[in-house]
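Notes follow the structure.
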Amino acid sequence: MSKEAQMRATINQKLIEMGERERLKELLRAKLIECGWKDQLKAHCKDVIGEKGLEHVTVEDLVAEITPKGRALVPDSVKKELLQRIRAFLAQHATL
């Protein structure tokens, strides 16, 4: 495992152990709903299903189709806020 992968694993483990990962997930969920991301993605899913027909779309197909758009629709402000929270957590727990 590379040094970067080890560091990521250590950080992720610390986030999980201290409950911060769940708090970050809840923050992200709330921010995405607040900015309309969830509604936009839901509409995109309906469009994809409408184009291909319900009987011709599997869950895997739908996920593959909407994932790039879903990632692109996340506002920069939400990404920045999440990154700030992670950095603050790391600074506070610098003994990683």
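Hey, can you tell me all the residues within region 29-73 that are surrounded by fewer than 14 Cβ atoms within 10 Å (Cβ to Cβ) and of a type in the set (Gly, Ala, Ser)?
Hits for region 29-73 are ALA30, GLY36, ALA43, GLY50, GLY53, ALA64, ALA72.
For region 74-96, how many residues meet the condition of being assigned to a loop (DSSP other than H, G, I, E, B) and surrounded by 15 or more Cβ atoms within 10 Å (Cβ to Cβ)?
Residues in region 74-96 being assigned to a loop (DSSP other than H, G, I, E, B) and surrounded by 15 or more Cβ atoms within 10 Å (Cβ to Cβ): 1 in total.
We did not get these values from a lab; they are worked out from the coordinates using the rules stated. The structure presented is a predicted model; accordingly, all values stated were derived computationally and were not measured. Backbone-built Cβ (ideal geometry, glycine too); neighbour counts: all protein chains shown.
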